[in-house]
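**Student:** First the structure, which I've put down as structure tokens, then a few questions once you've had a look.
Laboratory data are not the source of any read-out in this text; all were calculated from the coordinates shown. Here the structure is a predicted model, which means the values were calculated and not measured. Glycine gets a Cβ as well: all are built from the backbone with ideal geometry, and neighbour counts include every protein chain shown.
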Amino acid sequence: MKGLKTISSILLLLMIGISSCIKEEDNPVETEIPEVLVTASIEGTVVNESGVALENVDLYLRGNTTSTDVNGVFSFSNIEMNQNGALVSAEKDGYFNNTKVLITRANQTSFTKIMLVEKKLTASFEATTGGEAITNGGAIVDIPSNAVQLEGGGSYNGTINVFATWLDPTAEDLNERMPGDLRATNADNETVKLATYGMIGVELEGANGEALNIAEGQTATIELPVPDELLGSAPATIPLWHFDEATGYWVEDGEGTLTADNTYVGTVSHFSYWNYDLPYPYVTIQGLANNEDGEGVSWLPLEISITDGAGTIYGYTDGDGIFEGFVPKDEPLTLTVFGKCGEPVYTSPLGPFSEDAIVPTFEVSSSATNVVTLFGVLHDCSDMPESDGYVKVEYGEFYFDFIDVNQDGSFSGSIDVCDLMEVTVSGISNDPFSQGTTVTYPIDGNSDIDVDTLISCW
């Protein structure tokens, strides 16, 4: 089944990587993601907090740059990247940066969805007096008097503008909001996977937009609420971690203390993204999802959660139906597979695993979903086959997919349309960008829809 990229939100606390090789070494000591270069592709979308596509977002991957189109879609095609963790950074004025870490496979295409959080002014106060900023969810940033400096060094005594955002660890869109994939380096330089109890992103600016940060030798305090769902497993003290954009790792740096008000409180020496997390030793598991015909089901959303605690690993199967990721060692787990609109279609216990493992292949019945295959050919504005473009498929109020085209402009992709009765299709050319008129097709119980020829021009 040809890979189809689905835009939907599902609960996630840790991200599962997609790869084909199981690592032999358990928890290797490393300070950055080991580099194994392959030629691969990454496609995805960038949205704001309301799920609306963001245009003209700049994206960076290993010296390569691109930007999103009007649909928020971007792609890096057939370039050299690290199969153990390709860092895709997204930047747009007025928003917090976001960096995703994607495990890739040679000659395969991985998919990601990135959410950019708007930088909203949280509080302003004078550097000489310090102050407190209360952000969404009741998270607090407390900066002492005379505790900031210019980002590049040098004193600052003017107004401090605080931009801060709390990331709810139980939010369904956490993976889209948060940076990294929750791989981390602990205080002993060992790699671990994290289960988050809350994150916060903080940036400081001066009155004229100068970048500020905590002065050398000074600290600030961050206080993050612990959601009720996590209180049962929340420890009295918990490690504190900051995100390193250069390596893609979270780095252990201090600890937080649980207060009587059900908040974690700790001090930080600089501002970036900070995270209260429990670390887990991990192993790698790999599996395959098939349909009734024994074919791998591509781009299938799934999650693997710790059965009796916090922490969920989430991702997609790849184009061959393979999934692979890092899971907590010696913990009972639960695998849940979802349809494209978020409904569970398969659940099974997994583990616990004391070493790397290949889990039994499982079957996802097509009767559990409502899959429709669309096929046709895309032409450009000169009515010639378009090889550099895609087909946008909209269904329902909140979902759209896109299907890649082949060198001859042909395309074919399968979509789980839930209980909806129609889809809307349009063709897009990338260079130069153009999008054709939309065409609506009733489903009427059909499993195949011949779109015929789409033109990527109005």
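**Student:** Place +1 on the Cβ of every Lys and Arg and -1 on the Cβ of every Asp and Glu in the chain, take the dipole about the Cα centre, and give the residue among Gln218, Ile428, Ser155 whose Cα lies farthest towards its positive end.
**Tutor:** Towards the positive end, the residue furthest out is Ser155.
**Student:** Quick check: convex hull of the Cα atoms in the stretch 149-254, volume per residue, rounded to a whole Å³? Don't jump to the answer; show the numbers that get you there.
**Tutor:** Values: hull volume 14.7 nm³, N = 106.
Convex hull of Cα atoms, per residue: 139 Å³.
**Student:** Which one of Leu37, Leu182, Val391 is farthest out on the positive end of the charge dipole of the chain, using unit charges on Cβ (Lys, Arg +1; Asp, Glu -1) and the Cα centre as origin?
**Tutor:** Leu182
**Student:** Here's a follow-up. Using only the C-alpha atoms of the stretch 76-157, find the volume of their convex hull and express it per residue in Å³.
**Tutor:** Details: hull volume 12.6 nm³, N = 82.
Measuring per residue, one finds 154 Å³ for the Cα hull of the stretch 76-157.
**Student:** Measuring from label point to label point, each 7 Å out along Cα→Cβ, what is the Glu343 to Glu35 span in nm?
**Tutor:** 4.7
**Student:** Determine the relative contact order of the chain: mean sequence separation of Cα pairs under 8 Å and six or more apart, normalised by residue count, in whole percent.
**Tutor:** That works out to 15 percent.
**Student:** PRE reach from Ser387 (point 7 Å along Cα→Cβ): which of the stretch 51-88 fall under 16 Å by backbone N?
**Tutor:** 77-79, by backbone N distance to the label point.
**Student:** Let me ask something additional. Multiply the residue gap between Ala357 and Ser50 by 0.36 nm, knock off their C-alpha separation, and tell me the result in nm, one decimal place.
**Tutor:** On the way: separation 307, 0.36 × 307 = 110.52 nm, distance 3.86 nm.
Extra length from Ala357 to Ser50 when fully extended: 106.7 nm.
**Student:** Testing the spin-label approximation: label points 7 Å from Cα along Cα→Cβ at Thr65 and Asn189. State their distance in nm.
**Tutor:** 3.5
**Student:** Express in nm, to one decimal, how much length is gained between Asn157 and Glu255 on full extension, taking 0.36 nm for each residue of separation and deducting their alpha carbon distance.
**Tutor:** Numbers: separation 98, 0.36 × 98 = 35.28 nm, distance 2.95 nm.
Answer, rounded to one decimal: 32.3 nm.
**Student:** Next up: Assign unit charges at the C-beta atoms only (+1 for Lys and Arg, -1 for Asp and Glu), then state the dipole size of the chain relative to its Cα centre in Debye, rounded to the nearest 20.
**Tutor:** Working: 16 positive and 71 negative charges, 68 e Å.
The dipole magnitude comes to about 320 debye.
**Student:** If each of Leu420 and Ala211 carries a label point 7 Å out from its Cα toward its Cβ, how far apart are those two points in nm?
**Tutor:** A separation of 4.0 nm, rounded to one decimal place.
**Student:** On to the next question. Can you give the calculated 222 nm mean residue ellipticity of the chain, where each DSSP H run of n ≥ 4 adds -39,500 (n - 2.57) and the sum is split over every residue, rounded to the nearest 500 deg cm²/dmol?
**Tutor:** On the way: 1 runs with 4 residues, N = 458.
Result for the chain, helices only: 0 deg cm²/dmol.
**Student:** Counting every Cα pair in the stretch 118-206, what percent are over 21 Å apart?
**Tutor:** 45
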